[in-house]
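Peer 1: Once you've had a glance at the structure underneath, I'll fire off some questions.
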Amino acid sequence: MKGLTCLGVVALCACVAACGSNGEETSSTWTTSSGSGSTSDGGGDASGSTTTSSTGSGDGPADAKAFFMKEVHPTLLDTCGGCHITGPGLSFLAEDAADAYDKARSAPGIVLKEKSRLLLKGGHSGGEAPALTSTQTDVVTQWLALEFANAGGDDPPAGDPPALTPLQQMQAFGNCMSYADWTKYELVNLANEQVIYQNNAVPCLSCHGTGQSGAYISDEPIAFFEASKKMPYLFKFANATLTADGTFDDVVNANRFVEKCVENPMVGNPHPPCVNGQIDTQLIQDLQSFFEDTKKRWAAGKCDEATDPPEAE
Ligand code: HEC
Ligand code: HEC
């Protein structure tokens, strides 16, 4: 089987140390196309080269950029920056105004002539995220008008709407995981499943409790949940498949916690064998149900129904 090579995608670099010895992955190619590919004119990818655009339109109209930096950026940074720079929400902002402009233009669904998600979103995140104020709605509307003014007021610069890249789809899927499901299926029980290591039964958490060796399996439910929502640990739950032309096709169950116990061990550096040759059968079902429930919500576009963990840490 192919090992997952840690590809040149910035968001996956955290994976380099952990993934080098992965046994197998259901999808080993999609990440290579997940950069700026499908937002052909989104201002380049979010990784920030200043010379990414050769098309002209990728930089956006100069007046629109200036307006964004002066009027839109400060106010959105204040109200939305807490959750939209590195997450948990879609990353469409940055501390730096010029960076924020590039990110806003490359994030899916933001720079649209009509139906910009900025304007449509309203309050969210369980009431913690406010809707835009009327002043904010005004400046965002003015900015978007400038974005389209030069295009004869016609075509949206980034396609309408730009298809999400596989990486963005995965991120959306992770954000669609619900803490209510997590506790309902008691997935935290995985932490105390066991392998045989040096003639002792050892729980998964003893080697993976804080994300070591490519898996995050903790008996602390919130930490385990939060880690599982994001790359690279998300890949232990879900993976993306691609169409023949390399665009996103679907999300499938990666099922790594189950497979790890039943697949042929790697030669040379075998994973310790699971007690009974598999994890608990109830847990196998619960992992499956958790995936299916998440996928249903995601496919229905109802990720706002996913619940967050209670305030803690
Ligand atoms: C307390 C954290 C928080 C704050 C503050 C916040 N958001 Fe969000 N936002 C989220 C989370 C979490 C998601 C992903 C889940 C969802 O879509 O509700 C999200 C998703 C989004 C999305 C993309 C998903 C979609 O449905 O289109 C947009 C657009 C968005 N927020 C806009 C805003 C704007 C504009 C502000 C500021 C006025 C803001 N958010 C403030 C947490 C926040
Ligand atoms: C004694 C230490 C140890 C214990 C205990 C342990 N693992 Fe691992 N695990 C490793 C090491 C080392 C790796 C990296 C090499 C590899 O992938 O086999 C790994 C990697 C993994 C991976 C990520 C790579 C992949 O193939 O997706 C998963 C998933 C995993 N283990 C699941 C489990 C589960 C489930 C348990 C409990 C039933 C468990 N591990 C218990 C040592 C351990």
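The values are calculated or read from the model by the stated rules, or taken from the named source; none is laboratory data. In this text the structure is predicted, and so the values were computed from the model without any measurement. Cβ atoms come from the backbone with ideal geometry, glycine included; neighbour counts cover every protein chain shown.
Peer 1: Any chance you could count how many residues in the stretch 274-297 are over 12 Å from ALA238 (Cα atoms) and touching a residue at least 60 places away in the same chain (Cβ under 8 Å)?
Peer 2: 9
Peer 1: Would you mind telling me which numbered condition in (1) within 12 Å of ligand 2 (Cβ to nearest atom); (2) part of a helix (DSSP H, G or I); (3) over 30 Å from ALA163 (Cβ atoms) LEU287 fails?
Peer 2: (3)
Peer 1: Checking the conditions here, which among THR141, THR183 is modelled with pLDDT of 60 or more, assigned by TED's automatic domain parsing to the domain that holds PHE225 and surrounded by fewer than 21 Cβ atoms within 10 Å (Cβ to Cβ)?
Peer 2: Being modelled with pLDDT of 60 or more, assigned by TED's automatic domain parsing to the domain that holds PHE225 and surrounded by fewer than 21 Cβ atoms within 10 Å (Cβ to Cβ) holds for just one of THR141, THR183, which is THR183.
Peer 1: Going residue by residue through the stretch 221-236, is there one that turns out to be in contact with a strand residue (DSSP E or B) (Cβ under 6 Å, 6 or more places away or on another chain) and assigned by TED's automatic domain parsing to the domain that holds LEU287?
Peer 2: No, that holds for no residue.
Peer 1: Tell me, which strands (runs of 3 or more DSSP E) lie completely within the stretch 188-271 with 3 or more residues that are buried (at least 18 other Cβ atoms within 10 Å of the Cβ)?
Peer 2: Passing ranges, in order: 238-242, 248-253.
Peer 1: Further, regarding this structure: Is there any pair with a first residue in the stretch 95-110 that is in the same structural domain as LEU144 (by TED's automatic domain parsing) and of a type in the set (A, V, I, L, M) and a second that is assigned to a helix (DSSP H, G or I) and within 16 Å of ligand 2 (Cβ to nearest atom) whose Cβ atoms are under 9 Å apart and which are 6 or more apart or on different chains, and what are they?
Peer 2: Sorted first by the residue in the stretch 95-110, then by its partner, the list stays empty.
Peer 1: Taking the stretch 81-98 only, how many residues are under 18 Å from PRO61 (Cβ atoms) and either buried (at least 17 other Cβ atoms within 10 Å of the Cβ) or modelled with pLDDT under 90 (or both)?
Peer 2: The number of residues fulfilling the criteria is 1.
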